[in-house]
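The structure appears below as structure tokens.
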Amino acid sequence: MSGVSLGLPAVPPRAPEGVGFLRGTEKFPAAARHELANAQLRRNIGKATHTIRAKRLHVTGELPDWEDLRDAGAAIKTDVMSRLPELLEQLEAAVVARGGTVHWAADANEANAIVTDLVRATGSDEVIKVKSMATQEIELNEHLEANGIHAYETDLAELIVQLGHDKPSHILVPAIHRNRSEIREIFLREMADVDPDLDDNPKHLAAAARKFLRHKFMTVPVAISGANFGVAETGTLGVVESEGNGRMCLTMPQTLITVMGIEKVIPTYRDLEVFLQLLPRSSTGERMNPYTSMWTGVTPGDGPQDFHLVLLDNGRTAALADGVGRQALNCIRCSACLNVCPVYERTGGHAYGSTYPGPIGAVLTPQLAGMDGKDDPNSTLPFASSLCGACYDACPVKIDIPSLLVELRHQKVQKSGFGAEAAAMKAASVAMSSAKLFTLAQKAAGLGRVVAGKKGKISKLPPPLSGWTDARDIPAPPAQTFRQWWDSTEGRAAIAAARKDGDR
Amino acid sequence: MRIAMFATCLGDTMFPDAPRATALLLTRLGHEVVFPPGQTCCGQMHVNTGYQPDALPLVENYAENFGDGSIDAIVAPSGSCVGSVRHQHEIVADRYGTPALCGRVETVKAKTYELSELLVDVLGVTDVGANFPHRVTYHPTCHSLRMLGVGDKPLQLLRAVRDIDLVELPAADACCGFGGTFAIKNAETSTAMLADKIRNVADTGAEFCCASDSSCLMHIGGGMSRLQMGTRTIHLAEILAATESMEVTA
């Protein structure tokens with residue numbers, strides 16, 4: 001050891017606690033229990049995810065180079081993460097050169113303060129918003145409201161969630177947990193000047209929302225957007241959406257403020273070729289998304305004349321510092337993993353307690369916001385998966401989510417104290433470290449036959465194993481283990497007979 | 001071929017019919033089956049629950065017991081355990097083992113196969129001469145399907161079985177909800193997944209629900225037993241080992 005202490009590398013800060021939606025109030029199993037009890041929610045989510053899933057399979061199947069595209073997407077993203085600082089500086093320089101202003105926000109608090117000040121400077125007390133995961137993550141709407149500024153969500157599903165005083169339940173389809181009669185009730189209750197005879201015909205519901213929103217587009221002078229991509233080479237920001245409401249926000253107001261997670265940068269304009277094929281097919285199951293809007297700085301006399309880009313860290317550097325976990329930053333927020341996840345399908349998004357639900361959320365959220373405390377709900381997220389692997393198969397940029405879940409479980413256990421589970425695992429490890437001890441353990445397991453009794457099955461065990469026996473039996477252990485049979489006269493005779501059988 | 005049998009801890013202790021059928025089947029096909037008696041468990045439970053250091057002795061034990069150079073192939077009647085050997089042992093060895101262990105893990109991993117992979121890819125056989133006059137539906141377990149990518153190999157084998165009435169399972173590739181300790185840590189969600197799986201099995205009217213992982217079968221079978229359904233679970237190896245002269249004792 002050298003006598004000079006070089007110090008430990010500083011751990012980059014996680015997203016701060018107490019602001020933003022990166023931590024629920026309950027652990028996943030408890031939160032899931034409430035959601036599982038809601039039969040309507042399960043029907044709504046089951047129907048929607050199965051529909052999108054089938055559409056996605058159809059449109060990805062028709063591309064002969066789909067697997068190559070996935071590889072390309074993964075390669076570009078991996079490259080981005082390996083030289084993120086350089087690309088971000090390039091993006092900043094390009095945005096500034098085209099008349100935009102760039103702000104760096106270390107966390108949610110800084111980003112909220114920057115945006116609030118920018119809106120205040122315009123004198124407006126209203127803003128219109130394009131659906132944005134990043135601003136949800138930092139709880140921007142609530143922060144603006146507390147400062148006397150009202151934010152109107154313009155994405156139809158986001159609007160439904162906002163008017164319903166609810167939280168989104170899905171990355172792509174935030175109101176996936178609502179059906180149309182619920183939406184009708186929300187509109188009747190919350191929208192001024194809505195026709196009291198409004199029925200639940202989707203066309204009529206959309207028309208009511210359009211009337212409400214059109215007024216906002218024409219009068220509100222400030223818009224806030226997220227960004228699906230930020231091109232380092234040109235300083236171009238891009239948003240893909242389905243309704244055109246985002247395009248209204250991006251073109252009508254005088255001031256445009258974009259909040260972008262730093263991982264959304266891509267090196268070149270040409271890279272969009274890959275992602276604009278991967279994203280819509282993976283998310284909505286469409287060959288192409290209806291509206292792709294791209295803007296580069298300020299164009300005099302056309303569109304917003306004041307453009308600000310807020311680059312948000314909020315735990316991303318901390319995730320990047322994890323050699324294994326950083327893969328989660330490759331996510332392009334398509335939600336394909338949610339739609340194929342059997343756990344998400346049953347519990348919906350709220351059980352995850354984060355802006356980012358489902359499999360990707362289960363690995364991204366704990367990395368952004370931490371999972372340190374014993375009672376931290378985020379520490380239960382890596383365990384909220386049966387590791388079936390459907391998410392990995394569906395991911396357009398090939399994020400190995402099951403392996404990331406296993407890695408985060410490892411990290412969680414490393415940080416935890418020695419409890420009952422650790423003791424049981426240790427005991428199992430010792431018992432299975434040699435055949436001699438394992439054979440003894442098998443003898444002990446044979447006692448299960450006594451517990452099982454005449455029924456030949458075990459139907460009740462104490463906690464935590466009651467979690468199993470609440471719904472499932474365990475068969476009585478067999479009278480003879482495999483190795484006992486193998487070493488028995490009967491076993492040898494059976495193998496000899498099989499050999500003879502084969503010779504015939 | 002000289003084939004070493006990895007019975008798996010669960011197969012050895014709770015479901016010996018699966019390794020027994022595997023050994024009889026491969027012997028009947030003319031191969032020499034050996035059972036390294038020092039074997040125990042692949043350590044998947046430890047890795048998947050977050051206890052990687054505790055998996056190290058199990059990874060070492062596996063590499064030691066199956067490292068014999070005279071062994072041509074290692075077979076396990078479990079996609080899940082083979083998945084662990086193939087994808088997880090090196091993670092544990094890299095992190096906590098010696099360079100020598102890493103080398104042994106690489107060697108052993110390359111020879112370890114799930115039963116249907118061994119039969120179709122290595123031994124080049126799909127018709128194993130089995131006879132099973134029953135209505136059967138097949139559940140492709142997640143780890144064999146996605147971690148190993150066995151594709152339709154188990155179905156190729158089942159289709160070649162004499163007198164079998166093979167019926168398609170609706171939503172076959174959906175997870176049954178087992179997931180190891182997931183079934184206990186997230187018992188309600190696991191049960192909700194199981195309920196759908198069992199409903200789909202029931203809809204087929206099959207006498208047997210077949211899979212190539214005893215753990216998933218234990219889960220599905222445990223649920224069906226609670227509901228007192230008549231459908232039984234059976235390991236793929238047991239069907240493939242069944243000949244006209246044999247009685248199935250599932």
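The figures follow:
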item	result
Among A:GLY20, A:ALA94, A:ALA39 the positive-end extreme of the charge dipole of segment A:1-112 (Cβ point charges)	A:ALA39
Isolated Cys in chain A, by beta carbon distance under 4.7 Å	A:CYS249, A:CYS331, A:CYS334, A:CYS341, A:CYS395
Rg and Dmax of segment A:252-338, Cα atoms only, in Å	15.6, 47
Zero-based 10 Å bins, Cα pair distances in the protein assembly as shown, whole percents	3, 13, 22, 23, 17, 11, 7, 3, 0, 0
Residue-count net charge about A:GLU243 - beta-carbon cut-off 15 Å; Lys, Arg +1, Asp, Glu -1	+3
Per-selection Rg to Rh, segment B:158-250 - Cα, Kirkwood hydrodynamic radius	0.98
Radius 13 Å from Cβ of A:ILE474, net charge of other residues (Lys, Arg +1; Asp, Glu -1)	+4
Principal semi-axes in Å for segment B:112-174 [√(5λ), Cα gyration tensor, largest first]	19, 17, 7
Segment A:1-103, accessible surface, carbon-and-sulfur percent (1.4 angstrom probe)	58
Within-12-Å neighbourhood charge of A:VAL80 [Cβ basis; K, R +1; D, E -1]	+1
Once the Cα gyration tensor of segment A:139-179 is diagonalised, semi-axes √(5λ) in Å	20, 9, 8
Three principal axis lengths of segment B:63-188 [C-alpha, angstrom, descending]	51, 44, 19
Viscosity 0.692 mPa s, temperature 37 °C, Stokes-Einstein D of segment A:299-364 from Kirkwood C-alpha radius, µm²/s	229
Principal semi-axes in Å for segment A:373-504 [√(5λ), Cα gyration tensor, largest first]	37, 24, 17
Protection-proxy order for peptides B:46-59, A:354-367, B:200-213, A:28-41, each taking the mean of Cβ atoms within 10 Å per residue, highest first	A:354-367, B:46-59, B:200-213, A:28-41
Distant alpha-carbon pairs in segment B:6-60 (separation over 12 angstrom), percent	68
Dimensionless Rg/Rh of chain B - Kirkwood Rh, Rg from C-alpha atoms	0.96
For chain A, calculated [θ]222 nm from helices alone, where every DSSP H run of n ≥ 4 adds -39500 (n - 2.57)	-14500 deg cm²/dmol
Hydrodynamic radius of segment A:173-276 per Kirkwood, over alpha carbon pairs, in Å	16.2
Minimum 40 Å² accessible area buried by the other protein chains, segment A:377-406 residues, probe 1.4 Å, relative to alone	A:PHE383, A:SER386, A:LEU387, A:CYS388, A:VAL406
Choice from B:ASN61, B:ASN131, B:ASN186 showing the highest fluctuation, given a GNM over chain B with Cα pairs closer than 10 Å	B:ASN186
Counting DSSP beta bridges with both ends in chain A, the antiparallel % (nearest 5)	35
Surface per residue (accessible, 1.4 Å probe) for segment B:1-148, Å²	29
Estimated Rh, segment A:63-183: Kirkwood, alpha-carbon pairs, angstrom	17.4
Under the Debye formula (equal points on every Cα, no solvent term), log10 I(q)/I(0) of segment A:4-136 at q = 0.12 Å⁻¹	-1.02
Å² of accessible area per residue within segment A:254-395, as computed with a 1.4 Å probe and no ligands counted	27
Accessible area buried between chains B and A, both sides summed, probe 1.4 Å, in Å² to nearest 100	5600
Largest to smallest principal axis extent of the C-alpha atoms in segment A:241-281, angstrom	31, 23, 16
For segment B:1-117, Kirkwood radius (reciprocal of mean inverse C-alpha pair distance, Å)	14.1
Extent along principal axes [Cα atoms of segment B:171-212; Å; largest to smallest]	31, 20, 16
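The values are calculated or read from the model by the stated rules, or taken from the named source; none is laboratory data. The structure presented is a predicted model; accordingly, all values stated were derived computationally and were not measured. Note: ideal-geometry Cβ built from the backbone for every residue, glycine included; neighbour counts use all protein chains shown. Note: accessible area is taken over every heavy atom of the protein model, side chains too, but ligands, DNA and RNA are not part of it. Shrake-Rupley method; radii C 1.70, N 1.55, O 1.52, S 1.80 Å.
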